[in-house]
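Please treat every number below as a calculation from the coordinates, not as lab data. Keep in mind the model is a prediction, meaning the values are calculated, not measured. FYI the Cβ positions are ideal-geometry reconstructions off the backbone, even for glycines, and counts take in every protein chain you see.
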């Protein structure tokens, strides 16, 4: 128990977070690359074609994991925002702000791949369907979060607190995205992969690349987010001694000690 | 937990609950507008806008598709297995359009009770499978009948 409490405090303190997260970067990136390469080759070349869509369905190996990530990242951002708002932990601020651009990128990929698939399959690139509209709102939320933060960037801590509030309010959109295809009649199909109940994809050769890609995107997010969070901490804590130690600015360190 | 943190936690919980309730009320109030399409049953009840485009969704009824010999005009029935609506359309149908498949048609109801579509979208379901699996499923269905 004491070890757990110690770990908790270590992760919460910027210098030890910086140090501990450093060990994870390389393994996370390597795992992500290996799984991406395997998942894409498996999905694009070896998975069997669909009985109706033929090869066109293969875009789902990019679309579906990106869509999962766009929501997963927002949920994590929401958790970080709650910790930022209530406990004012700097590491949580860093995780929150580091996640936003990655989440926005995954949302853009989701929307673009969805449009490319929609044209041949549905017959239209875009329609104001509940699923598509709520996913577009998610993109605007990500952009809004980043804009909000940069509007107050002369005081990063205040900016993070205000941004956290926006992030938390935006959490309302997550269940709307998920249930949009069930609450309203919509052109977007329901979830093909379900944790509870029978999935719409029963063929293991089709499901495997999808799950591998889902893991790859998670690892990539882990790598990218930690990397960005570390830079965030260096930038916002640049006056602190530990940053000077890391950057090898020993001379300035002695001055700040006096 | 210190009193300040407790206060902040209560504050943020109240805000979240408030926003969630507001969103729920908003979405319930505009449920009709968010609905992407109307079903043939709703249409049979006369529940559709006059002289304005709207969407109708359902399955293409089996053996109802008729193509014109000298133009791109097609007519077919959209069904929700309770009611049918006859649709006419002139243009290129999407790849996934076929009998027994879900579709959404955008257009207006004419006085003769035929829905004149300006655009037809195919709706895909959440089932993905290799052709062999689909064939096996089909064979099993035939056997049952």
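For this structure, a couple of remarks:
- Contour excess over end-to-end distance, with Cα ends at residue B:125 and residue B:99 and 0.36 nm allotted per residue: 8.0 nm
- Point-to-point label distance, residue B:27-residue A:205, nm (Cα→Cβ direction, 7 Å offset): 3.9
- Cα-projected label distance for residue A:136 with residue A:195, points at 7 Å along beta-carbon direction, nm: 3.0
- Legend: ranking of residues B:32, B:90, B:119 from fewest to most surrounding C-beta atoms inside 10 Å; resulting order B:32, B:90, B:119.
- Distance between the pseudo-spin-label points of residue A:152 and residue B:63 (7 Å out from Cα toward the beta carbon): 6.8 nm.
- Relative exposure of B:98, A:58, judged by other C-beta atoms within 10 Å (fewest first): B:98, A:58
- Order of B:38, A:194 under a 10 Å beta carbon neighbour criterion, fewest first: A:194, B:38
- The residue B:112 and residue A:75 beta-carbon pair, evaluated with R₀ = 56 Å, returns a calculated FRET efficiency of approximately 0.65.
- Volume per residue that the Cα convex hull of the protein assembly as shown spans, once the total is divided by residue count, Å³: 196
- If you wrap the range B:1-95 in the convex hull of its Cα atoms and look at it from every side, the mean projected area works out to 11.0 nm².
- Hypothetical label at residue A:238: residues of the range A:125-166 whose amide nitrogen lies under 16 Å (7 Å Cα-Cβ projection): A:153-157
- Adding -39500 (n - 2.57) for every DSSP H run of four residues or longer, then dividing by how many residues chain B holds, sets the calculated 222 nm ellipticity at -11000 deg cm²/dmol.
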